[in-house]
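Take a look at the structure below.
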Amino acid sequence: MDWLDIIVRLGAAILIGGVIGLDRNLHHKPTGVRTLGLVAVGTALAVLAVAHDRQADVSRIVQGVGFIGAGVILRQATNGKVHGLTTAASIWVTAALGVLCGLAAWKLLVVAVAGVLFLLLAGGSIEKWCQRALGIEEKADPPDSR
């Protein structure tokens, strides 16, 4: 693997993690550009390290991300509602996208990033539209609670 390949793989991870982090930051969530950029580049680095040393275990890389996601999930004592699940899921999926960057699985990465961004940008609106169409009472959460 040459320098350019390493720069492209890690640069893609930083960029993709940063974009997902920007979405979380714009929705006032506890993660942002730096956090998810670091998650993505960290997993990409771990995959590259595994590629360099075949004795390492790739599955352990993504398992280590779970503690970060668990830290953003909160349960309110007053009403019992759980918050932070989308942010925790975005941490997990950002780690998986970092793995794809490390593997240079570019086609899979393009489709996955498009899907993730679609979900983050349009998912809340789709949920609200379906709730209205089906006559289901909307949640009392603020509009940017994703």
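What the table shows:
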{"read-out": "Cβ-Cβ under 6 Å pairs, at least 6 apart or on other chains, segment 108-124 side part of a helix (DSSP H, G or I), far side charged (D, E, K, R) and surrounded by 11 or more Cβ atoms within 10 Å (Cβ to Cβ)", "value": "L120/D23; G124/R146"}
{"read-out": "Given (1) modelled with pLDDT under 90; (2) farther than 23 Å from I7 by Cα, index of the condition L119 fails", "value": "(1)"}
{"read-out": "Single match in L36, L4, L22 (criterion: crowded, with 19+ Cβ neighbours inside 10 Å and at pLDDT 90 or above)", "value": "L36"}
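The values are calculated or read from the model by the stated rules, or taken from the named source; none is laboratory data. Remember, predicted model here, so these are calculated numbers, not experimental data. Please note: Cβ atoms are built from the backbone with ideal geometry, for glycine as well, and neighbour counts cover all protein chains shown.
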